[in-house]
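The values are calculated or read from the model by the stated rules, or taken from the named source; none is laboratory data. All figures in this text were calculated on a predicted structure; none of them were measured in a lab. Positions of Cβ are generated from backbone atoms using ideal geometry, with glycine treated the same way; all protein chains shown enter the neighbour counts.
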Amino acid sequence: MRAVVLEAAQHVVVADVGVPQLEPGEVLVRIERAGVCGSDVAVFSGKRQAEYPLIMGHEAVGTIVDSRMQNRPVGMHPSVESEQNRPVGMHPTDAEENRPVGMHPAADAVKNRPVGMRVVIEPNIPCGTCRICCRGLGNVCPFKRSLGMNSPGAFADYVAIPAEFVHPLPDNISWEDAVGIEPLAVAVHAIRTSGMRTGEEVAVVGCGAEGLLLVQVAVAHGARVLAADLHPEPLAQAREMGAEETLVLGRDGAADYVATHWCPSVVFEAAGASAALEFALSAVAPGGKVVGVGLGTTPVEVVPLQFVRRGLSLVASLIYDHPTDFLRAIELVSSGQIRPSSLLTRSIDLEELPSAFVDGHHHGKMQVRLR
């Protein structure tokens, strides 16, 4: 099959590789479309560590073409393949030992994911058994398998994945819109993490693709939204998507303007820049919450007194909860409240993707056609 393989940092090719072999409890998905996001660019550039060679890509949709039923002995978890290498104390076995015989969730998932079903892939797969997962925090599982990051990804003709991590697509969702469900689930999770309530004022700082999805989800949940960015072009999109007001950053007094004319109980930082987070901390109302969604790598100067006297909270929101946030994202698209394809700036064939990375033509929201 065809696959976009990263052989080293900034060296990517389209290669002919073998079709993945299914493990028990997995399905084989024929990829129809895949999205390119900032994480893919970071992996390509070497800013994000990866083991080479690596098939890239994680935002993907397609059709199930094969499956393998669960036949692992009772007590063996399908996502724990190298248990002996796990640090001591990080694997409570109570959950597995207490599971009734024959009740492994992977078996039911395969039965409910027949060949021919259109699906969207949830590409981050927590181990499900470590202490972090047992606390319900699979999104930050230290052992999670992430397609296109530490596991073969979706810029390929086929992907093998546990059946419970593919979700059925309603017939009224196009492939173009379906590709955007994964980043939409990230926005859904951030809104839930914020505790935002209907009618509240919120601000979104950074109106790239993820920021614009945050604007749409916040509006869909009844918030009044202020969108802020360094550039006016995405702010025009934010207004079209329901933002009540927009603000160009980088001008003197921007934070004071927000504090004077707005009272945002939540500010979402979606730019991944230290200046954006510093602005968010200045702009949020007393008693408010700043939710970090952007994946910035530069240090931020924080004054503890600012938190204490103003009663602020700073929380992080990483990817999504399985399967809650994906199901909500699918619902938002199926109901017509959000159309992710409105963010699409370019569609290319799989063979064009390496040159798009090398030449830097990966800006905006790009999709890859495989069929």
- Query: Of (1) touching a Lys or Arg at 6+ places or on another chain (Cβ under 8 Å); (2) in a strand (DSSP E or B), GLY199 satisfies all except one. Which?
  - Reply: (2)
- Message: Condition check: surrounded by fewer than 16 Cβ atoms within 10 Å (Cβ to Cβ), touching a helix residue (DSSP H, G or I) at 6+ places or on another chain (Cβ under 9 Å), in contact (Cβ under 8 Å) with a residue 24 or more places away in the chain and not charged (D, E, K, R). Does GLN49 satisfy that?
- Response: no
- Pairs where the first residue, in the range 266-283, is assigned by TED's automatic domain parsing to the domain that holds MET196 and the second is polar (S, T, N, Q) and surrounded by fewer than 24 Cβ atoms within 10 Å (Cβ to Cβ), C-beta under 7 Å, 6+ apart: SER274/THR298; LEU281/GLN306
- Query: Got a sec? Which of LEU295, LEU314 is hydrophobic (A, V, I, L, M, F, W, C), at pLDDT below 95 and under 29 Å from ASN139 (Cα atoms)?
  - Reply: LEU295
- Message: Return the pair list, or none, for Cβ contacts closer than 9 Å from residues in the range 110-131 that are on the phi > 0 side of the Ramachandran plot to residues that are of a type in the set (A, V, I, L, M, F, W, C) and outside any helix (DSSP H, G or I), at least 6 apart or on different chains.
- Response: GLY116/ILE64; GLY116/VAL65; GLY128/VAL80; GLY128/CYS141
- Message: For the range 294-352: of the residues being touching a strand residue (DSSP E or B) at 6+ places or on another chain (Cβ under 8 Å) and among the hydroxyl-bearing types (Ser, Thr, Tyr), which is nearest to VAL120 (Cα to Cα)?
- Response: TYR320
- Message: What's the total number of residues in the range 342-356 that are at pLDDT below 95 and in contact with a Phe, Trp or Tyr (Cβ under 9 Å, 6 or more places away or on another chain)?
- Response: 0
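Going residue by residue through the range 73-84, is there one that turns out to be more than 24 Å from ALA178 (Cβ to Cβ), at pLDDT 95 or above and out of contact with any helix residue (DSSP H, G or I) (no Cβ under 8 Å at 6 or more places or on another chain)? Quick ask: steps written out before the conclusion?
Taking the range 73-84 first, the residues more than 24 Å from ALA178 (Cβ to Cβ) are 73-84.
Narrowing further to those that are at pLDDT 95 or above: none.
For the range 73-84, residues more than 24 Å from ALA178 (Cβ to Cβ), at pLDDT 95 or above and out of contact with any helix residue (DSSP H, G or I) (no Cβ under 8 Å at 6 or more places or on another chain): absent.
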- Taking into account only those residues within the range 199-239 that are free of Cβ contacts under 8 Å to residues at least 60 places away in the same chain and of a type in the set (Asp, Glu), which is surrounded by the most Cβ atoms within 10 Å (Cβ to Cβ)? ASP229
- Any idea how many residues of the range 217-233 are at pLDDT 95 or above and part of a helix (DSSP H, G or I)? 4
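Any residue at all in the range 242-261 that's within 23 Å of the chain's Cα centre (by Cα) and either within 17 Å of GLY199 (Cα to Cα) or surrounded by fewer than 18 Cβ atoms within 10 Å (Cβ to Cβ) (or both)?
Yes, there is a match, as at least one residue in the range 242-261 is within 23 Å of the chain's Cα centre (by Cα) and either within 17 Å of GLY199 (Cα to Cα) or surrounded by fewer than 18 Cβ atoms within 10 Å (Cβ to Cβ) (or both).
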- Query: Could you list, in sequence order, the residues of the range 234-262 that are at pLDDT below 95 and in a loop (DSSP other than H, G, I, E, B)?
  - Reply: LEU249, GLY250, ARG251, ASP252, GLY253
